[in-house]
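Participant: Quick one: the structure is below, and I'll ask about it shortly.
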Amino acid sequence: MVSWWLQNEDFVPGRTIVLSGGDSLSSTSLATLTQGEASVAVMNAMSYSAVLFGNLDFNYGRAVLEQRISESSFGWVGSNILDAATGQVSSLGKAYEMLEVDGVSVAIIGLAEVDSPSTGFGQAMQGLEFAEHVETLQTVVPQARGAGADVVIVVVHECVGSFVPDMTAVTVPAVDAYFALRCGALANPTDSLNGAPLLVAQSNWNDYARLGLRVSLSDGTVSPHDPGLVLVQYASGNPNPVTPSAAVQAVVDTWNDSIAAIISEVIGYTAIGVANPSWELNNFIADSWLASFPDANFALTNNGGIRAGIAPGDITVGGIIDVAPFDNLIFKLTLTGQQLTDSFAAARAGCTIGNVYCPAAIAGFTYTPSPVTLFKSDGSAVDPNTSYTVLVNNFMYFGGSGFDFQALDPTPIDTGVFYRQPAIERLRALGTTNLDPLENHLDAVPRNAGP
């Protein structure tokens, strides 16, 4: 990426502003095993200017996040993240980051997802409130202008379809550019919002949004130019079209070497791979939980925690970490059948229409969706009055994905097992090879159609 910037974007650290829209610390095996420390080191080497808080940046807990912030050579911006006790911007981040670029003062405002406590690790967000975007801009933009900002840029960690209607429904202070870096791209990735450029990039480093700004020092006029979305992908098997930056590559190599022995262990084989999303993958992961905890009746892990499929060929520990990259732990609960049914139904009500895998990969039961009715694996109904042992991950326990398990069982058993570990152990036990690949052991039957 840095090499591309150097070769194609006239990239000069200190003159070019480099921003991240959040979730900077997770979702790869390297990030997971170093709890984001490697991510920060690489971003420091890439001369990032500022980042905002994504919901997933809290996944390692507050103490780890604070440590990552202290290691960063760039600023963390949480304009709408408030201390619940005082109503002021939390000391975790800044209301805005003021950058000086060629004699121009540029304020970066970062808007975290309002629903972060339910889409991220809510326990790490206790004591925080996530204010609405419009009211935040109405407060923070004048503050930044009053502090001398010539240019104000807003970066939003939110789906475009969620925040644009709010921004256009009421009067919002004028800013010079918006960047939205989550939930894919607009049909026109260089649209506008309230008269300012709006650029929307995809996730997973598939591309980046770029924008030039000309600032008149005589009258303060800000003129955008050359907005665009730049793809950073190339066809599999083809050579990299740019020569990697030696400095950044050295940082990456050092961190990769530190975890190589862990992630390179081969634990299985698949000839055709396992897609995500798919019933094969969901069922395998959930079933592996019951294999690891045979005293449990049911298992659920939110489908949003399954982030990748399994590529064809040798299956490594690193490959499974990429599938389930978070440090979520498995909790063991005691719930009645009615409590499980009601909680599952409430979470399912928040699912996008047509997403058959939402809200969770499940094992030990199936269900029919309308009305939500649960059935045990033998086809009999889950008894509403019977108590069952249920496995969930701690993200879900503390309110993630719309579940309310904490209120239902306030004294869970923390197994201390990461949610990916049962899949790793199951693969080791199966001993799959090219003669007996993983696909021979997968269950493709949907679990949303009852017995």
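Participant: Suppose every K and R has +1 on its Cβ and every D and E has -1 on its Cβ; what is the size of the dipole of the stretch 20-97 about the Cα centre, in Debye to the nearest 20?
Facilitator: 20 debye
Participant: Right, next: Give the relative contact order (percent, whole number) for the stretch 266-441; include only Cα pairs under 8 Å separated by 6+ residues.
Facilitator: 37 percent
Participant: Oh, and also: Mind checking the dipole of the stretch 2-253: about its Cα centre, +1 per Lys or Arg Cβ, -1 per Asp or Glu Cβ, Debye to the nearest 20?
Facilitator: Taking the Cα centre of the stretch 2-253 as origin, the dipole is about 220 debye.
Participant: Please compute one quarter of the surface area of the Cα convex hull for the stretch 30-178 and express it in square nanometres.
Facilitator: 9.2 nm²
Participant: So, one more: Where in the chain are the DSSP H helices whose C-alpha atoms run 15 Å or more along the long axis and whose mean Kyte hydropathy is at least -0.5?
Facilitator: Span-like helices, by this rule, are 133-146, 246-263, 279-292, 337-349.
Participant: With equal scatterers on the alpha carbons only and no solvent term, can you work out the Debye log10 of I(q)/I(0) for the stretch 21-69 at 0.17, 0.20, 0.25 1/Å?
Facilitator: For the stretch 21-69 at q = 0.17, 0.20, 0.25 Å⁻¹, log10 I(q)/I(0) is -0.42, -0.59, -0.94.
Participant: How high is the relative contact order of the stretch 2-253? Use alpha-carbon pairs under 8 Å, at least six apart in sequence, and give a whole percent.
Facilitator: Reported as a whole number, the value is 15 percent.
Participant: To continue, here is another question. Report the local net charge at ASN440: Lys and Arg +1, Asp and Glu -1, summed over other residues whose C-beta lies under 14 Å from its C-beta.
Facilitator: So the surrounding residues net to -3.
Participant: For the stretch 266-441, build the convex hull from the C-alpha positions and give me its volume per residue in Å³.
Facilitator: 108 Å³
Participant: Which ³J(HN,Hα) values in Hz, rounded to whole numbers, follow from the phi angles of the stretch 372-386 under the Karplus curve 6.51 cos²θ - 1.76 cosθ + 1.60, where θ = phi - 60° and Gly and Pro get x?
Facilitator: My calculation for the stretch 372-386 gives 5, 9, 9, 10, 6, 4, 7, x, 7, 5, 5, 6, x, 9, 7 Hz in order.
Participant: Now for a different question. To the nearest 20 debye, what charge dipole does the chain have about its Cα centre, counting +1 at the Cβ of each Lys and Arg and -1 at the Cβ of each Asp and Glu?
Facilitator: 280 debye
Participant: Oh, and also: Out of all Cα-Cα pairs in the stretch 292-377, roughly what percent, to the nearest whole number, are more than 20 Å apart?
Facilitator: Tail of P(r) above 20 Å: 44 percent of Cα pairs.
Participant: If the viscosity is 1.002 mPa s and the temperature 20 °C, what translational diffusion coefficient in µm²/s does Stokes-Einstein give for the stretch 2-253 when Rh comes from Kirkwood over Cα pairs?
Facilitator: 114 µm²/s
Participant: Follow-up question, since we're still on this one. Kindly rank 103-110, 78-85 from highest to lowest mean number of other beta carbons found within 10 Å of each residue.
Facilitator: Peptide ranking by packing, descending: 103-110, 78-85.
Participant: As a footprinting exposure proxy, order PHE293, PHE403 by other Cβ within 10 Å, with the fewest listed first.
Facilitator: Fewest to most other Cβ atoms nearby, the residues stand as PHE293, PHE403.
Participant: Could you state the number of Å between the C-alpha centres of the stretch 195-273 and the stretch 32-60?
Facilitator: 14 Å
Participant: What's the ranking of 331-338, 5-12 by average number of surrounding C-beta atoms within 10 Å, highest first?
Facilitator: Descending packing order for the listed peptides: 331-338, 5-12.
Participant: Taking amide hydrogens as modeled 1.01 Å from N in the peptide plane, which residues meet the under 5 Å criterion relative to ALA271, leaving out close sequence neighbours?
Facilitator: It is GLY313, LEU438, GLU439, by chain and number.
Participant: Additional query: Which translational diffusion coefficient, to the nearest whole µm²/s, is obtained for the chain from the Stokes-Einstein equation, given a Kirkwood hydrodynamic radius over C-alpha pairs, 25 °C and 0.890 mPa s?
Facilitator: Reported coefficient: 104 µm²/s.
Participant: Looking at the chain only, what percent of DSSP beta bridges run antiparallel? Nearest 5 please.
Facilitator: Taking every DSSP beta bridge with both residues in the chain, the antiparallel ones total about 70 percent.
Participant: Between the stretch 355-391 and the stretch 78-127, what is the separation of their alpha carbon centroids in Å?
Facilitator: Each part reduced to its Cα centre gives a spacing of 39 Å.
Participant: What's the ranking of 88-98, 242-252 by average number of surrounding C-beta atoms within 10 Å, highest first?
Facilitator: So the peptides 88-98, 242-252, ranked by packing, come out 88-98, 242-252.
Participant: What percent do you get for the relative contact order of the stretch 54-143 when only Cα pairs under 8 Å and 6+ apart count?
Facilitator: 34 percent
Participant: Quick check on the exposure proxy: order HIS133, HIS157 from fewest to most C-beta atoms within 10 angstrom.
Facilitator: Starting with the residue having the fewest Cβ neighbours, the order is HIS133, HIS157.
Participant: Could you put ASP226, ASP322, ASP57 in order, starting from the residue whose Cβ has the fewest other Cβ atoms within 10 Å?
Facilitator: ASP226, ASP322, ASP57
Every number here is computed from the coordinates shown, using simple stated rules; none is lab data. Since this is a predicted model, take the numbers as computed values, not measurements. All Cβ positions, even for glycine, are placed from backbone atoms using ideal geometry, and neighbour counts span all protein chains on display.
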